[in-house]
Amino acid sequence: MKEITDMPRRRFLELAAIGAGSLLVWPQHVFAGAEGWALVPDILARIRPPVFPQRDFLLTRYGGVGNGRTDATEAFRRAIEACHRAGGGRVVVPRGTFLTGPVRLASNVNLHLDEGAVVRFKPDPSAYLPVVFTRWEGVEVMNYAPLIYAFGQENIAITGGGVLDGQADEAHWWPWKGRKEYGWREGMPHQDEGRRRLFDMAEAGIPPEQRILGEGAYLRPNFIQFYRCRNVLIEGVTIINSPMWEIHPVLCENVTVRSVTVRSHGPNNDGCNPESCRYVLIEDCLFDTGDDCIAIKSGRNADGRRLSVPSEYIVIRNCNMRDGHGGVVIGSEISGGARYIFAERCAMSSPNLDRALRIKTNSVRGGIIEHIYMRDVEVGQVAEAVVHVNFYYEEGDAGRFDPIVRHIEVRNLTSRQSPYALYLRGYARAPIRDVRLIDCTFDGVEKNLTEYVDGLYFQNVRINGKRIDP
């Protein structure tokens, strides 16, 4: 499988370059005469999980031993190569515990974990070298390989009832954040200098393939990252103990994430972060995370503007959000914009869940964020605000790229306890525009903050039992 796992440099750079290939040049689809929730049936009709030939490639036949000690990295590579060369099918991980380094998927391969199967990833950073082309906090870079990775592939999946264990903890990966609560101590290395170098290189316009970090930079890899792929399915698995972001499709089209459980409370342990993706369905999932449960992204600062690919046509439904910084989040790496994001029939509640709907950006990030819809959501308890839009995230108002946030509708949401019902902070020169709340009830509210909002509409909205006049 040399043409897949060791892609020729010229083809690799063609795919990585802006505008290269059909994976970046997406036609604009027009939904004639439809708007708001009326768009959803057409969006869902365009999201179709991949179908695989009925061929199984059992990992143990390629040398995998499920004793939790024997290195199965080469067994995964051989099984995936055989499946790919045969025209596709399932690479089946049977009951047992399989220790491995990075796993790289290829077109037409479904990595299937049987009930009772555990894939445990080595916590040794050197196992994730050499570096690969990846995106780290919204910036393209040559960095450690994600634990499960695919680049430029079609028809790929991770399915089944098994467990993916990244083995990150206070002794492995997490201390690189540089925070004592995650195991870091004075004198230990951390990511701050490598992170600054990466962001400086991006702002300076250094080509991504020359931004070589990896060893010594301490930038943790994502768990699952599919880059410039089409027809993606992640279904049924449980994901625990991630170094960083859990599920991270980048520049992908036609993505389904279904019935996945994410439990991981490390730093930046976001549950599912579609970045510069289109036609994405996230449904029937449980998120219990150390950061945002779902965060829609589209690149950071100059790098996001260079690629200029929004996240769009995303449907989130029937999900359960527990711990996390936010339930449904847009940002903060959002310089490419986001539009037509729909979330419905979700349940969110935890004293450790900060917000229900969160939009975070600033005048350094910028981005156009529009047509955001949420309905039929039950919020038990959040630690800060139910609806949160903040133009002062991280760097604050320190740049020249004013964000545009407009056309937000929240309908039939109930919340039982929160310090804020609404926390909306725009700029005087660039207000948040057109925020509509319809048939919503907020109880246990202490206060609200609305600063520079142009067009805040209420219809049948009650806060602490009192109806809010239009």
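The numbers here are math on the coordinates, done by the rules we state, and not lab data. Given the structure is predicted, the values throughout are model-derived calculations rather than measurements. Please note: Cβ atoms are built from the backbone with ideal geometry, for glycine as well, and neighbour counts cover all protein chains shown.
Quick notes on this structure:
- Relative contact order, whole percent, for the chain stands at 9, derived from Cα pairs under 8 Å and 6 or more residues apart.
- Here segment 239-283 is scanned for amide nitrogen atoms under 13 Å from the site 7 Å beyond the Cα of Glu186 along Cα-to-Cβ, giving none.
- Highest to lowest packing among 265-277, 108-120, 191-203, scored as the average C-beta count within 10 Å: 265-277, 108-120, 191-203
- Annotation: amide H of Gly324 within the under-5 Å range of Thr289, Leu353, Asp354, sequence separation 5 or more or interchain, hydrogens built in the peptide plane.
- Amide H contacts of Gly455 (H built 1.01 Å from N, in plane; Pro and chain starts excluded): Asp434 sit under 5 Å, all sequence-distant by 5 or more or on other chains.
- Rounded to whole Hz, the Karplus (6.51, -1.76, 1.60) HN-Hα couplings of segment 236-241, x for glycine and proline: x, 6, 10, 10, 9, 6
- Contact order normalised by residue count of segment 230-370, Cα under 8 Å, 6+ apart, percent: 20
- Take each peptide in 41-47, 376-382, 98-104, count the other Cβ atoms within 10 Å of every residue, and average; sorted highest first, the result is 98-104, 376-382, 41-47.
- For segment 314-470, the relative contact order works out to 18 percent when only alpha carbon pairs closer than 8 Å and six or more residues apart are counted.
- Scaled against the 2.2 N^0.38 Å expected of a compact globular protein of N residues, the Cα radius of gyration of the chain reads 0.95.
- Stretching Glu193 away from Trp37 to a fully extended chain increases their span by 51.7 nm, per 0.36 nm per residue minus the current alpha-carbon distance.
- Using θ = phi - 60° and Karplus 6.51 cos²θ - 1.76 cosθ + 1.60, couplings along segment 263-278 (whole Hz; Gly, Pro as x): 10, 6, 10, x, x, 6, 8, 4, x, 9, 10, x, 10, 6, 10, 9
- Hydrodynamic estimate: the Kirkwood radius of segment 49-291 over Cα pairs, inserted into Stokes-Einstein at 4 °C and 1.567 mPa s, corresponds to D of 72 µm²/s.
- Taking every Cα-Cα distance in segment 314-470 and sorting them into 10 Å bins from zero, the calculated P(r) comes out as 12, 44, 36, 8, 0 percent.
- Measuring between alpha carbons in the structure, the pairs from Lys122/Lys177; Lys360/Lys466; Lys177/Lys360 lying more than 26 angstrom apart are Lys360/Lys466.
- Calculated FRET efficiency for the pair Arg258/Leu58, C-beta based, R₀ 25 Å, to 0.05: 0.55
- For the chain, the longest principal axis of the alpha carbon atoms and the long axis of helix 73-85 meet at an angle near 90°.
- For Glu235, the residues whose modelled amide H falls within less than 5 Å of its own, excluding neighbours fewer than 5 places apart on the same chain, are Ile158, Thr159, Gly160, Arg258.
- Karplus-derived 3J(HN,Hα), 6.51/-1.76/1.60, for each residue of segment 324-334, Hz, glycine and proline x: x, 6, x, x, 10, 10, 10, x, 8, 6, 9
- Tilt relative to the chain, helix 192-203 - C-alpha long axis, 0 to 90 degrees, to 10: 80
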